[in-house]
Amino acid sequence: MAQSSYKLLQDLQNSTNYECLTAGNDLEWGWDPLESNTDVNISDDTLNVVIHPNSSRGTGAVRGDMPFVPGHIYYWEIKVDGSPTATDMIIGVGTKDFDLESSKNEYTSLIGSDEKSWGYSYKGVKHHGGESLMYGQRCDRGEALIGVRLDMCRGTLEFFHNRIPLGVAFEKLNNTHLLYPMVCSTACRTHFTIKYCRSLPVNLQLYCLQAFDSSKNSLIPFGILKMVMDSWWIPKSYSS
């Protein structure tokens, strides 16, 4: 994500119309109580999950309740609060048939352990197909905000640490299959809290939003400003 996108968000937050602009839904999905292993607690609003709330006996995992479909681009942010001594804590995506229960009695890097899942570890490592490669910085100093952008049109997945872009982690994701957001942890009392999750179809409107430069347009119609506010997270240039 271009840093200018965050500058745009800050500018819009200072707008006198900010409360009206943010009246929409910035939380499109939550954690699915039916798509997790047994050692997790999910809040009533489904936005927070605590993995191993009492003690850790293996790798806990949970899947989101909304599929990511081809032809759309998605962005979400998750606040992570867990032990820096964990075997692993991972944020990523996977298919519906990825087995969340396979490591419930083992301490392992679950997401990314096969061809059906892709993940970014708090250790700064990316995982897929059972392979691990260095990718970004460690996230072991207190709470971290991890952003994820999934392009189901181009088949790319990239991550952000405290809104600093880490670059594309994976390419050529099979966008003919539905994917779901997922998290996993081996540490006791690991919190994953959804702070933001939005999506847009890849169409002419998205291309127009990418070309739009609000800094050069002093008189922006409210409807256009609302669309810009809702799409601050998409890349500044886009080509399919």
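The values are calculated or read from the model by the stated rules, or taken from the named source; none is laboratory data. Not measured: the values here are computed from a predicted model. In this analysis, Cβ positions are derived from the backbone assuming ideal geometry, glycine residues included, and neighbour counts consider all displayed protein chains. Heads up: the accessible areas ignore ligands, DNA and RNA and are worked out on the full protein's heavy atoms, side chains in. Shrake-Rupley method; radii C 1.70, N 1.55, O 1.52, S 1.80 Å.
If you filter segment 115-135 down to residues that are open to solvent by less than 20 Å² (accessible area, probe 1.4 Å) and part of a loop (DSSP other than H, G, I, E, B), you find that the one that is nearest to residue 166 (Cα to Cα) is 124.
The condition of being modelled with pLDDT under 80 and crowded, with 18+ Cβ neighbours inside 10 Å holds for only one of 237, 231, that being 231. Any residue at all in segment 46-64 that is modelled with pLDDT of 95 or more, in a loop (DSSP other than H, G, I, E, B), open to solvent by 40 Å² or more (accessible area, probe 1.4 Å) and over 20 Å from residue 103 (Cα atoms)? Within segment 46-64 (the criterion being modelled with pLDDT of 95 or more, in a loop (DSSP other than H, G, I, E, B), open to solvent by 40 Å² or more (accessible area, probe 1.4 Å) and over 20 Å from residue 103 (Cα atoms)), the answer is no, since none of the residues qualifies. For segment 152-198, which fully contained strands (runs of 3 or more DSSP E) count at least 3 residues that are open to solvent by 20 Å² or more (accessible area, probe 1.4 Å)? Filter on segment 152-198 gives 164-170.
When segment 73-86 is filtered for residues that are open to solvent by 50 Å² or more (accessible area, probe 1.4 Å) and either touching a strand residue (DSSP E or B) at 6+ places or on another chain (Cβ under 9 Å) or farther than 22 Å from residue 191 by Cα (or both), the ones remaining, listed by number, are 79, 81. Of all residues in segment 110-126, those satisfying the criterion of being of a type outside the set (Val, Ile, Thr) and either under 14 Å from residue 185 (Cα atoms) or in contact with a helix residue (DSSP H, G or I) (Cβ under 7 Å, 6 or more places away or on another chain) (or both) are 110, 112, 113, 119, 120, 121, 122, 123. Scanning segment 101-114 for residues that are open to solvent by 10 Å² or more (accessible area, probe 1.4 Å) and under 19 Å from the mean Cα position of the chain (by Cα) returns 109, 113.
Residues in segment 136-151 that are of a type outside the set (S, T, N, Q), under 17 Å from residue 88 (Cβ atoms) and more than 13 Å from the chain's Cα centre (by Cα) were compared, and the one that is surrounded by the fewest Cβ atoms within 10 Å (Cβ to Cβ) is 141. Would you say residue 72 is at pLDDT below 95, of a type outside the set (D, E, K, R) and under 20 Å from the mean Cα position of the chain (by Cα)? Here the answer is yes, as residue 72 does meet what is asked.
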